[in-house]
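No lab work stands behind these numbers, since they all come straight from the coordinates. Given the structure is predicted, the values throughout are model-derived calculations rather than measurements. In this analysis, Cβ positions are derived from the backbone assuming ideal geometry, glycine residues included, and neighbour counts consider all displayed protein chains.
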Amino acid sequence: MVSAMEIYQLTPKLNCKKCGLPTCMAFAVALLAREKQIEDCTPLLEPKYEAKLKKLREVMAPIAGATETGLIIHDERCYGCGNCVVACPVNVANDPKGSAIGLGPKSDRVILVVEDGVVKCLNPKECRRFGPNRILCNLCTATCPSKAIEFV
Amino acid sequence: MAVCTGCSLLCDDIEVSIDGRRITKTKNLCRKGFGRYRSLSSDRSVPKVDGKQVGIDAAISRAAEMLRDAKRPLLFGWSCSTLEAQRKGIELAKRTKAIIDDTSSICQGEIVEMVIRGEIPTCTLDDVRNYGDTLIFWGCDPSSSHPRHMSRFSYFPRGEKLQRGHEEDRTAFLIDIRASPTAKILSGNFVQIPPGGDADLIDAMLAVLDGKIPRVRDKKAMIAMMNTLKKADTGVIFPGLGLAYSLRGRMDRLKALVDRLNEYTKYNVIPMVGHYNMRGFNQLLFDETGFINRVSFADGIDHGPMYSVVEASKSCDLAMVVGSDPISSLPAGIAKALARVPMITLDPHRTLTTELSRVVIPTALSGIEAGGSALRMDGVRIGLDPIVKSEYPSDEEALSMILGAI
């Protein structure tokens, strides 16, 4: 998973403020949090930064499919064990007769479900990590045996 | 709701959408179970006699003929068949005076036998979910072998008396020779032992319980672990193949530990059975003969290691394999010995065993195309309902036809 520092190394490091942020480091953090787009950095689109732009697009590609909460599921690594489904505190609160007691989810307000042997994210807005007042809950990633779930 | 026959957890909360014979969407199936469902339309076997495709009736009558002529047949497999099919299998073994054995003789047989005989206490997986606050996974990797074990029954779910689940109410230890995927979840309570070091670890655990200093590198961690085990309300040990192989012939060590722990609090054992109905076959044969596997009906009821698939494959003159692939899974020497014997195979899929068999009888995929019932790893009976129609008979029907034709 790419870090803010790696992204910063690929910015022009001009601190020109054209993106609306005070520094390139702040832009790197905003880019990782998906609050800014690569195109917001206009100097980066100049021909002399072509190599950096290409590399930046490459490192940003794996996190393109992240949800609003930054959740990425690597389908190829998932065992479909459902540990995350049962451990997720929101799933437990919203689905006390289903995923809370180890069964398949019975409520449509759950965040994580297992379909076709792989975990899927359904309601990212219910996640504790959603919105400005987010809690950095990590129970789904901590209970994954294969590191198939990551947060950006 | 459908039942998954991918492993011995027999998950009965599966939702499946079907379009004709095609599975379009499944919910709650782990990757292993999904593979089982997806196999519905891949690599299915066809009726064959001597390598040539024939009708199912011709294959069955040839199989019956071979069984009638055999002097010392071996009937092997059974762990992936329903209880009803297994019952027919035992009847067939009696009728043909055959040796009957299942995969437990090269798997968890010794531990399952102790559980069935009542030598060590056991409980159901529902008891584990509701009351099991201290768990030991020993020589197993449930994340890989039984993916939904920890999420559905043992570690993560909230139970009747354990409302806070794994977060506060449950403690699980993992004892294994390698840092398996399960070790990533239980990293704080992972005890790594050298291969074959299980008996030494049991000695160290018993030493702590006797108030002695254990002979292990990290004495403090061992004493802390034993203190946690002693404080449990309901403890459960899940022995896997690692422990079964390591303690082969020395299962009294495990029994000694369980007995000693039971002096402090309640401890149960649930073996991590692999195939979905191995426990069922063991129970049926035990009820019938008093032994769980390795039985010969040649002269009354006889039991012994010489009737295990490993030994019997060298002395039998015909092998009938039901729902198993011994040629792939057994060591090369034994597989070669078995391959020299004429084989009759009943299997829904093409396997190395079906490829080397004289007679192949395709059967319906139990739990998906054929109904019946099976025993979960903890001995609870689960009913299976078919969700798709099959053009081939179930194991039970095929065995009934063979019995009728002999």
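When the C-alpha to C-alpha distance is required to be over 20 Å, the pairs from A:K97/B:K266; B:K161/B:K231; B:K161/B:K184; B:K314/B:K336; A:K97/B:K25 that qualify are A:K97/B:K266; B:K161/B:K184; A:K97/B:K25.
Rounded to the nearest 5, the antiparallel percentage of DSSP beta bridges internal to chain B is 35%. At q = 0.16, 0.18 Å⁻¹ the log10 of I(q)/I(0) for region B:322-406 amounts to -0.74, -0.88, computed by Debye summation with a single uniform scatterer per C-alpha, solvent ignored.
May I ask you to work out the translational diffusion coefficient for the protein assembly as shown at 37 °C, viscosity 0.692 mPa s, via Stokes-Einstein with Rh from the Kirkwood sum over Cα pairs, reported in whole µm²/s? Once the numbers are plugged in, D ends up at 126 µm²/s. Taking amide H as placed 1.01 Å from N in the peptide plane, the amide H of B:D133 sits under 5 Å from that of B:D233, B:T234, each at least 5 places away or on another chain.
Excluding same-chain neighbours fewer than eight residues apart, the aspartates and glutamates reachable from B:K219 by a Cα-Cα span under 15 Å are B:D200, B:D203, B:D210.
Overall dimensions of region B:78-157, expressed as equivalent-ellipsoid semi-axes from the Cα gyration tensor (√(5λ), whole Å, largest first), are 31, 14, 13.
Relative to the globular-protein estimate of 2.2 N^0.38 Å, the Cα radius of gyration of region A:4-63 stands at 0.97. Note on B:22-35: average number of Cβ atoms from other chains within 10 Å of each residue's Cβ is 5. Among the listed pairs B:K48/B:K71; A:K120/A:K147; A:K106/B:K27, those whose Cα-Cα separation exceeds 21 Å are B:K48/B:K71. Only lysines eight or more places from A:K52 in sequence, or on another chain, were considered; those with a Cα closer than 19 Å are A:K13, A:K17, A:K18, A:K36. In straight-distance terms, cross-link reach from B:K32 covers every one of the aspartates and glutamates whose alpha-carbon lies under 12 Å from its own, apart from those fewer than eight places away in the same chain; here that gives A:D116. Derived scalar couplings between HN and Hα for region B:89-101 equal x, 5, 5, 5, 4, 5, 5, 9, 6, 9, 8, 10, 8 Hz in order, rounded to whole Hz, by the Karplus curve 6.51 cos²θ - 1.76 cosθ + 1.60 (θ = phi - 60°), x for Gly and Pro.
The base-10 log of I(q)/I(0) for region A:71-151, evaluated at q = 0.12 Å⁻¹, reads -0.29 [Debye formula, identical scatterers on Cα atoms, solvent excluded]. Per q in 0.06, 0.13, 0.14 1/Å, what log10 I(q)/I(0) does a Debye calculation on the alpha-carbon atoms of chain B return? These q points yield log10 I(q)/I(0) values of -0.25, -1.09, -1.21.
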